1. Divide, for the stretch 80-153, the radius of gyration over alpha carbons by 2.2 N^0.38 Å, where N is the residue count.
2. How high is the FRET efficiency from residue 157 to residue 29, r the C-beta distance, R0 22 Å, rounded to 0.05?
3. Can you pull the Rg over Rh of the chain, Cα-only, Kirkwood?
4. Compute the helix-to-body angle for 27-41: its Cα long axis versus the longest principal axis of the chain, expressed 0 to 90° and rounded to tens.
5. If contacts are Cα pairs under 8 angstrom and at least 6 residues apart, what is the relative contact order of the chain in percent?
6. Working from Cα positions, state the angle (0 to 90°, nearest 10) between the long axis of helix 98-111 and the longest principal axis of the chain.
7. Helix 48-75 versus the longest principal axis of the chain: what is the Cα-based angle in degrees, 0 to 90, to the nearest 10?
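Read the figures in this text as sums done on the coordinates, not as results from a lab. This structure is a prediction, so every number in the text was calculated from the model and none was measured. Please note: Cβ atoms are built from the backbone with ideal geometry, for glycine as well, and neighbour counts cover all protein chains shown.
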C-alpha cells in the first residue's frame with residue numbers, strides 16, 4: 001500500500017512539474033493535490049502544518065502565473081487593452097503548443113493595442129514584447145515555486161519534526 005501511495009504521489013508531482021511548462025495541465029495545483037493525497041493516505045508522514053507551507057507556495061505560484069503577463073505588458077507601456085489581448089491570446093494559444101502560447105500572448109497584446117487602444121505600431125510591438133517577457137518570467141517563477149513545493153515535501157517527509165520556528169504560530 002505504501003509503495004502505491006508513493007507511486008501516486010510521484011506521478012502527481014511529475015505531472016505537475018510538466019504542467020508548469022504545458023499550460024493545459026494545472027501544474028502546481030496537481031502538485032498540491034499530490035501532497036494532500038499523500039497526507040490523506042499516509043497520515044503519519046506529514047502534518048497539516050507541512051501541507052500549509054506547501055499550500056502557501058502554491059498560492060504564490062498562482063499569483064505569479066496571473067500577474068506575470070499582465071505586469072510585463074504594463075511595464076513595457078501596454079494598456080488595459082494590451083493586457084486583455086495578451087490574456088486572450090495566451091488562452092487561445094494554450095490549446096495548441098508552448099510556442100503557440102507564447103506567440104498568442106504576443107499577438108493578442110499587439111492586436112489589442114493596435115486596434116482597440118488605437119496605439120502606433122511601435123507602441124503595440126513594445127506591449128507585445130512586454131507580454132512575452134512577462135510570460136517567460138512567470139514561467140520561471142512557477143518553476144521556482146514547483147521545485148520549492150517538491151523540496152518542502154521531500155524535506156518534511158524525511159524530517160517530520162522541523163524546527164519549531166517553521167510551525168504556524170497557533
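1. Details: Rg = 14.1 Å, N = 74, 2.2 N^0.38 = 11.3 Å.
Output field value: 1.25.
2. Values: r = 20 Å, r/R0 = 0.91.
My answer for the efficiency is 0.65.
3. Numbers: Rg = 19.3 Å, Rh = 17.2 Å.
Using only Cα positions, Rg/Rh for the chain is 1.12.
4. Helix 27-41 and the main axis of the chain meet at about 20 degrees.
5. Details: 278 pairs, mean separation 42.9, N = 170.
Taking the mean separation of contacting Cα pairs over the length of the chain, I get 25 percent.
6. Compared with the principal axis, the helix lies near 40 degrees.
7. Approximately 10 degrees, to the nearest ten.
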